[in-house]
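**Student:** One structure, pasted below without further comment.
The values are calculated or read from the model by the stated rules, or taken from the named source; none is laboratory data. A quick note: this is a predicted structure, and the numbers were derived from the prediction, not measured. FYI the Cβ positions are ideal-geometry reconstructions off the backbone, even for glycines, and counts take in every protein chain you see. Heavy atoms of the whole protein, side chains included, go into the accessibility calculation; ligands, DNA and RNA do not. Shrake-Rupley method; radii C 1.70, N 1.55, O 1.52, S 1.80 Å.
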Amino acid sequence: MSKRAENLATYVALVEKFFDDGVKGKANPYTSMNGNMYSFLDEQGRICLRMAEADRETFAVLFGTGPVQQYGATMKGYVSIPPDFLANEDVLAEAFGCSSRHAQSLRKK
C-alpha cells in the first residue's frame with residue numbers, strides 16, 4: 001500500500017472520529033462545512049487543516065510546519081499535520097478541534 005493510501009485511511013478514520021461530516025471527493029479528499037473546505041488530504045498524503053490565524057501560528061511554532069502549497073499556490077489559512085504526529089491522538093484531537101471551531105465560525109457560502 002502506498003503512503004498516500006495509508007494516510008487516506010488515517011484521514012478518513014480521523015474525520016469520522018473528530019467531525020460529524022464525512023470525507024468528500026474521490027480524487028482529492030476533503031471536508032467542508034457550510035460550503036467552506038476546512039481539511040483535505042494533499043497529493044503527497046499530508047493531512048492539511050484550516051485554522052484561525054492564532055491557532056495556525058501556534059501549531060506552526062510547536063510542530064515546525066510551514067504554509068501549505070498546492071499547485072504552486074499557498075493555501076491561505078492551512079497547516080499540515082507532520083507525519084510524526086499522525087499516531088498522537090492528543091495532538092490530532094487538538095488540531096482537528098481547532099479546525100472544526102474555525103470552520104463553524106466561517107460565513108456560510
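**Student:** Would you mind checking which residues have amide H under 5 Å from residue 32's amide H? H placed 1.01 Å from N; only 5 or more apart, or other chain.
**Tutor:** Amide H neighbours of residue 32, under 5 Å, 5+ apart: 38.
**Student:** If you don't mind, another one. Tell me which aspartates and glutamates have Cα within less than 14 Å of residue 76's Cα, excluding those fewer than 8 residues away on the same chain?
**Tutor:** Within the straight-line limit of under 14 Å, residue 76 reaches these aspartates and glutamates: 53, 55, 57.
**Student:** Further question on the same structure: Have a look at 72, 97, 35 and tell me which one the Gaussian network model of the chain (Cα, springs below 10 Å) gives the largest fluctuation.
**Tutor:** Looking only at 72, 97, 35, the largest GNM fluctuation is found for 72.
**Student:** Moving to a separate point now. So how far apart, in nm, are the two label points at residue 101 and residue 26 if each is 7 Å from Cα heading toward Cβ?
**Tutor:** 3.7 nm
**Student:** So, one more: Contour minus end-to-end for residue 61 and residue 109, with contour as 0.36 nm per residue of separation and end-to-end as the Cα-Cα distance?
**Tutor:** 14.2 nm
**Student:** Before rounding to the nearest 500, sum -39500 (n - 2.57) across all DSSP H runs of length at least 4 in the chain and divide by the residue total; then give [θ] at 222 nm in deg cm²/dmol.
**Tutor:** -13000 deg cm²/dmol
**Student:** So which chymotrypsin sites (Phe, Trp or Tyr not before Pro) in segment 2-109 end up in coil per DSSP with only 11 or fewer other C-beta atoms within 10 Å?
**Tutor:** Those that pass, being in a loop and sparsely packed, are 71.
**Student:** Convert each backbone phi in segment 77-94 into a coupling constant with the Karplus relation 6.51 cos²θ - 1.76 cosθ + 1.60 (shift: θ = phi - 60°), then list the ³J(HN,Hα) values in order as whole Hz, x for Gly and Pro.
**Tutor:** x, 10, 10, 9, 8, x, x, 5, 9, 5, 9, 9, 5, 5, 5, 5, 4, 5
**Student:** Is any residue of segment 59-98 close enough, with backbone N under 16 Å, to a label point placed 7 angstrom from the Cα of residue 17 along the Cα-Cβ axis, and if so, which?
**Tutor:** Only 81-98 fall inside the zone, counting backbone N under 16 Å.
**Student:** Give the carbon-plus-sulfur fraction of the accessible surface of the chain in %, rounded to a whole number; probe 1.4 Å, heavy atoms of protein chains only.
**Tutor:** Ligands and nucleic acids excluded, carbon and sulfur reach 52 percent.
**Student:** For the chain, set up a GNM with springs between Cα atoms under 10 Å and report which of 80, 99, 32 has the largest fluctuation.
**Tutor:** 32
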